[in-house]
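Trainee: Structure provided below as structure tokens; questions to follow.
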Amino acid sequence: MKLPKVYEPNEYESDIYALWEKSEAFVPANRGSGSSYCIVMPPPNANANLHIGYELTAALEDIPSRYHRMKGDATLLLPGADHAGFETQVVYEKHLAKEGKSRFDFTREELYRQIWDFVALNRTKFGTQLRKMGVSCDWAHYTYTLDDKVVKLAYQTFKKMWDEKLIYRGERLVNFCTFHGTGFADIEVEYKEVKGHLWHIRYPLTDGSGELIVATTRPETMLGDVAVAVHPKDDRYKGFVGKTVKLPLTQREIPVIADAFVERGFGTGAVKITPAHDINDFDAAQRHDLPKITVIDHEGKMTHDVPAPYQSLAVEQAREAIVTDLNDLGLLAEVNDHLHNVGHCYKCGTIIQPLLREQWFVDMKPLATKAIKVLRTDKIRFYPDSKKNQLITYLKGLRDWNISRQIAWGIPIPAFQNLEDPEDWIFDERVGEEIIEVDGKKYRRDPDVFDTWFSSSSWPYATLDYPEGEDFKQFYPTDLMDTGGEILYPWVSRMIMLGLYVTGDIPFKDVYIHGYVMAEDGSKMSKSIGNVVDPIPVIEKYGSDALRMGIIAGRSPAVNRGYDPRRVEEARNLCNKLWNVARFIEDKIGDDFTTRHDPKATNSADNWILNKMNYLNKSMSSHLENYRFSEAYELIYHFVWDDFADWYIEASKVNLNKDVLAYVLDATLRIAHPFAPFVTETIWQTLKWEGDTMLITSSWPKAVHASKDEAAVFEELQTIISEIRYIKAELHLKNLRLYHTGEEFLKKHTELIKGLAGLASIEEVRDGHGLHLTQTNYRCWLDLDQETAIHFLKQLESKREGYAKTIEQLEARLSNKNYVKNAPRKIVDETKQQLEETKTLLAKVTEEHSRFATAQR
RNA sequence: GGGCGCUUAGCUCAGUUGGCUAGAGCAUCUCGUUUACACCGAGAGGGUCGGGGGUUCGAGUCCCUCAGCGCCCACCA
């Protein structure tokens with residue numbers, strides 16, 4: 001079969017993927033026998049196209065999976081998709097807005113069904129895209145975060161926590177977005193620096209003996225003040241504690257209390273306490289048993305519990321009105337500019353209101369404590385390592401987790417409230433019904449849904465059918481979890497905590513944190529800026545393998561880097577190189593050839609390439625096992641291009657050894673397969689000698705025997721060839737002859753040197769003349785006349801200077817007694833040897849230089 | 001206010017535990033139509049590794065410090 005000159009990925013990729021899928025190549029083989037390897041892929045949001053960042057994830061997980069599959073491990077790469085509760089609802093709301101509708105036009109049930117259909121449409125696209133990326137995941141294991149088994153497990157976990165008192169329902173301050181109408185977990189709030197003001201307000205003492213000035217950034221919340229706090233050791237306010245102040249605008253009497261949380265140095269040292277709208281104040285109010293007065297409602301408007309003029313005003317309007325009124329009353333002591341951090345909704349940018357709400361909370365202390373303990377034992381390795389300590393720090397400061405969300409799109413919380421007794425909550429899985437009856441009492445379903453992360457925390461074992469599934473038994477704990485740094489806290493930490501809590505074991509052994517794929521200019525990709533790179537057109541233009549390799553090239557864990565199309569092009573070229581290497585070899589070998597897995601080296605080039613191959617094999621394993629993807633890629637790149645194509649294939653045009661040629665192609669395809677699955681498999685399918693097999697399910701090559709001495713011979717030949725090429729290029733010469741005076745080595749390798757260096761001939765002569773080669777110890781001369789060779793003086797001169805300088809440095813090093821005494825013997829010996837070699841080179845170059853310099857005069 | 005990362009060739013970046021003359025791709029320059037490949041071949045030029053100090057026989061690599069950029073966390077009202 002004659003292959004076309006240029007590899008056109010589009011012609012083969014979809015057929016190759018279909019072949020793998022049809023042959024069940026992704027289904028774990030060798031189950032139950034020996035070792036296994038499993039990666040559960042982080043499920044991307046099912047609501048949108050995959051962006052180029054997921055190509056990185058796909059590559060980082062597919063490469064080790066393919067490697068382990070070839071190593072003979074039972075290998076499972078498990079795909080899935082995330083319903084991404086709030087995220088998806090936001091997307092859908094935008095979609096509704098385009099049609100002039102909003103979420104308020106529908107009931108939650110209606111919304112849920114609509115979003116379900118909306119997502120179902122996109123979910124099929126996701127499968128197509130992952131296939132184009134060449135991900136070798138087992139589609140039979142595909143899991144959606146709203147699949148029954150995931151939902152059931154979320155309910156069981158909720159129940160277990162409820163029974164064990166890790167879950168409680170309580171009225172707490174919740175981070176509330178008044179635009180989206182839902183609360184968030186602490187981690188979901190985005191803090192931004194905002195230029196605001198610090199208003200100093202006079203609070204007169206009830207007994208008329210003076211006043212306290214409090215400083216606040218949110219004057220409108222003063223209507224909900226229940227106390228003023230000062231530091232117990234603050235001498236300025238000693239006499240005030242225990243008295244009361246008259247809260248301006250309301251005339252409510254509120255106490256002055258002492259609490260150590262007050263920073264004496266900030267503002268005036270007197271703090272207004274508004275428990276319903278500030279988390280610190282909430283805590284202080286708990287300590288001092290103070291009431292909580294809500295003055296802002298869920299729409300961001302003032303409630304009816306405030307004086308009439310302010311009722312129903314939006315927060316900003318209320319602020320303005322209050323400041324004006326205070327000023328008119330002469331109660332505004334001072335206004336300063338103030339830079340501070342304010343929480344915002346990470347989706348719409350609305351300022352987050354801390355509001356009092358009854359929600360379900362998870363007591364995180366016991367879970368975090370256990371996770372910290374495990375993290376400290378190094379049972380889970382992190383790449384890069386520094387992320388582990390970061391995670392421990394985070395876990396130490398963790399507050400209780402609000403898992404209730406007031407949205408439609410999500411898993412309903414399986415809890416029901418007694419219609420007669422609001423304190424009476426029961427667990428029940430009949431979430432399809434709004435009202436249920438138990439023991440003659442009627443209960444109403446909690447209208448809220450779970451925070452998405454509550455259910456997705458069980459991802460590693462929910463997907464593997466915990467607790468009884470065969471997959472769980474074989475593959476848990478999984479081997480690798482690869483994610484971006486942004487979900488280290490919300491997801492990775494919770495998978496560890498819940499994994500330990502539910503299964504008693506860690507969910508994964510290794511965590512690899514990848515950096516983000518940024519836009520070409522290094523900025524963040526974002527839809528609104530319009531600089532998002534869609535992977536599919538890139539795949540269509542350059543091929544899936546090219547994108548995969550181009551995206552991992554030069555990337556280190558946890559470091560953000562711009563997308564670089566030049567790298568993709570470079571990788572595309574590598575695919576084409578591989579293609580043409582195969583074309584050449586298949587042509588040389590012919591159709592009726594049977595490959596040997598113990599090839600017999602018959603010349604120095606054979607031994608050299610087999611040694612290189614053994615080294616590649618070993619280094620590749622080591623790099624992959626340590627997740628050094630970029631280094632592994634470079635290794636294969638330079639092996640294919642420099643060693644295999646530029647040297648070995650060129651050498652084989654002189655001395656053909658079909659066995660070795662075929663073996664090296666065979667082994668190269670295997671080793672390159674995880675990085676370039678499509679092109680390697682495409683080539684494999686054209687190989688006559690491998691019959692009906694598939695590369696994806698073939699085995700990783702074993703080391704073969706090769707002589708190191710013979711390999712060294714080839715390296716000597718390379719030195720000679722390179723020097724000749726250099727001189728030819730510098731002097732623009734062709735059809736040169738090489739003379740020697742009877743060197744056996746040169747006689748033996750005449751054809752190879754002649755072929756690779758592009759010489760007219762190599763001749764044995766009585767007296768050598770011309771330009772003496774300096775880099776080899778074999779005496780030989782390029783046939784140049786004096787006139788031509790003189791143009792080479794400059795090069796000889798700079799070489800001479802270079803050697804002289806090196807010798808100077810080496811001698812200085814060796815004359816340093818401390819160096820000889822302290823440095824390892826091996827290093828010192830190497831220095832000595834290098835010095836000798838350089839001296840020899842200097843002598844030769846000097847000799848040539850002076851010969852021509854003399855001739856010139 | 002804490003914590004972390006980055007600064008290496010014109011550009012984008014590698015450089016694992018300190019040890020040959022600091023690397024790659026692209027770009028640049030010079031040659032080249034040898035039938036695997038111009039998505040190619042041969043060759044070349046280009047870096048005081050952000051500044052300063054220190055430890056060491058030896059520092060791109062470890063420590064201190066300064067500068068610039070970026071990220072994460074944190075309840076200073």
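The values are calculated or read from the model by the stated rules, or taken from the named source; none is laboratory data. Fair warning: this is a prediction, and the values are worked out from it, not measured in the lab. Cβ sites come from the backbone with ideal geometry, for glycine too, and all protein chains shown count toward neighbours. Areas reflect the complete protein model, heavy atoms only, side chains present, ligands, DNA and RNA absent. Shrake-Rupley method; radii C 1.70, N 1.55, O 1.52, S 1.80 Å.
Trainee: I need the full set of residues from the range A:306-329 which are in a loop (DSSP other than H, G, I, E, B), without any contact (Cβ under 8 Å) to a residue 40 or more places away in the chain and surrounded by fewer than 17 Cβ atoms within 10 Å (Cβ to Cβ), in order please. Before the answer, list the steps.
Mentor: Initially, the range A:306-329 is screened for residues in a loop (DSSP other than H, G, I, E, B), giving A:306-307, A:311-313, A:329.
Still in the list and also without any contact (Cβ under 8 Å) to a residue 40 or more places away in the chain: A:311-313.
If the condition is that a residue be in a loop (DSSP other than H, G, I, E, B), without any contact (Cβ under 8 Å) to a residue 40 or more places away in the chain and surrounded by fewer than 17 Cβ atoms within 10 Å (Cβ to Cβ), then A:Gln311, A:Ser312 are the ones that fit.
Trainee: Something else now. Test A:Gln795 against the stated conditions and say whether it is in contact (Cβ under 8 Å) with a residue 60 or more places away in the chain, within 15 Å of RNA strand B (Cβ to nearest atom) and polar (S, T, N, Q).
Mentor: Criteria met by A:Gln795.
Trainee: Now for a separate question. Just to check your reading of the model, which residue among A:Lys839, A:Lys821, A:Lys844 is within 10 Å of RNA strand B (Cβ to nearest atom), out of contact with any Cys (no Cβ under 8 Å at 6 or more places or on another chain) and either in a helix (DSSP H, G or I) or open to solvent by 80 Å² or more (accessible area, probe 1.4 Å) (or both)?
Mentor: A:Lys821
Trainee: To continue, here is another question. Hey, could you check the range A:528-560 for residues that are within 13 Å of RNA strand B (Cβ to nearest atom), part of a loop (DSSP other than H, G, I, E, B) and of a type in the set (A, V, I, L, M) and say which is farthest from the chain's Cα centre (by Cα)?
Mentor: Here the answer is A:Ala553.
Trainee: Would you check if A:Asn336 is over 22 Å from A:Ile487 (Cβ atoms), in a strand (DSSP E or B), open to solvent by 30 Å² or more (accessible area, probe 1.4 Å) and out of contact with any Asp or Glu (no Cβ under 9 Å at 6 or more places or on another chain)?
Mentor: Taking the combined requirement at face value, the residue satisfies it.
Trainee: Kindly indicate whether A:Ala276 is in a loop (DSSP other than H, G, I, E, B) and at pLDDT 90 or above.
Mentor: Here the answer is yes, as A:Ala276 does meet what is asked.
Trainee: So for the range A:713-733 (the condition being outside any helix (DSSP H, G or I), basic (Lys, Arg), in contact (Cβ under 8 Å) with a residue 24 or more places away in the chain and crowded, with 16+ Cβ neighbours inside 10 Å), does at least one residue qualify?
Mentor: no
Trainee: If I ask for residues that are on the phi > 0 side of the Ramachandran plot and in a helix (DSSP H, G or I), which ones from the range A:486-527 would you list?
Mentor: Selection gives nothing.
Trainee: Separate question: Within the range A:340-354, take every residue that is more than 13 Å from RNA strand B (Cβ to nearest atom) and either in contact with a Lys or Arg (Cβ under 7 Å, 6 or more places away or on another chain) or assigned to a loop (DSSP other than H, G, I, E, B) (or both) and give me the one that is most open to solvent (accessible area, probe 1.4 Å).
Mentor: A:Lys347
Trainee: Also, I was wondering about something else. Out of the residues in the range A:619-669 meeting the condition of being away from RNA strand B (no atom under 13 Å from the Cβ) and either open to solvent by 20 Å² or more (accessible area, probe 1.4 Å) or outside any helix (DSSP H, G or I) (or both), tell me which one is nearest to A:Ala757 (Cα to Cα).
Mentor: Among those that are away from RNA strand B (no atom under 13 Å from the Cβ) and either open to solvent by 20 Å² or more (accessible area, probe 1.4 Å) or outside any helix (DSSP H, G or I) (or both), it is A:Asn655.
Trainee: Follow-up question, since we're still on this one. If the Cβ limit is 6 Å and pairs must be 6+ apart or interchain, which residue in the range A:378-402 that is within 9 Å of RNA strand B (Cβ to nearest atom) pairs with which residue that is of a type in the set (Ser, Thr, Tyr) and open to solvent by 40 Å² or more (accessible area, probe 1.4 Å)?
Mentor: Pairs found: A:Tyr394/A:Tyr489.
Trainee: Shifting gears a bit: Which residues, taken from the range A:258-291, are open to solvent by 70 Å² or more (accessible area, probe 1.4 Å) and charged (D, E, K, R)?
Mentor: A:Glu263, A:Arg264, A:Arg287, A:Asp289
Per-residue answers, yes or no, for (1) small (Gly, Ala, Ser); (2) touching a Gly at 6+ places or on another chain (Cβ under 7 Å):
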position	(1), (2)
A:Ala371	yes, no
A:Leu375	no, no
A:Ile380	no, no
A:Lys387	no, no
A:Ser404	yes, yes
A:Pro412	no, no
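Trainee: In the set A:Leu56, A:Leu96, which member is over 20 Å from the mean Cα position of the chain (by Cα) and either at positive phi or in a helix (DSSP H, G or I) (or both)?
Mentor: That would be A:Leu96, the only listed residue that is over 20 Å from the mean Cα position of the chain (by Cα) and either at positive phi or in a helix (DSSP H, G or I) (or both).
Trainee: A further question on this structure: Could you check the range A:22-51 and list, in sequence order, the residues that are modelled with pLDDT of 90 or more, under 15 Å from the mean Cα position of the chain (by Cα) and over 20 Å from A:Asp479 (Cβ atoms)?
Mentor: Result: no residue meets the conditions.
Trainee: Might you let me know whether the range A:684-692 holds any residue that is polar (S, T, N, Q), in a helix (DSSP H, G or I) and either open to solvent by less than 30 Å² (accessible area, probe 1.4 Å) or touching a strand residue (DSSP E or B) at 6+ places or on another chain (Cβ under 9 Å) (or both)?
Mentor: Checked the range A:684-692: at least one residue is polar (S, T, N, Q), in a helix (DSSP H, G or I) and either open to solvent by less than 30 Å² (accessible area, probe 1.4 Å) or touching a strand residue (DSSP E or B) at 6+ places or on another chain (Cβ under 9 Å) (or both).
Trainee: So, one more: Among residues belonging to the range A:765-794 that are part of a loop (DSSP other than H, G, I, E, B) and small (Gly, Ala, Ser), point out the one that is least open to solvent (accessible area, probe 1.4 Å).
Mentor: The extreme case among them is A:Gly770.
Trainee: What about A:Ala672, is it of a type outside the set (Asp, Glu) and crowded, with 23+ Cβ neighbours inside 10 Å?
Mentor: It is true that A:Ala672 is of a type outside the set (Asp, Glu) and crowded, with 23+ Cβ neighbours inside 10 Å.
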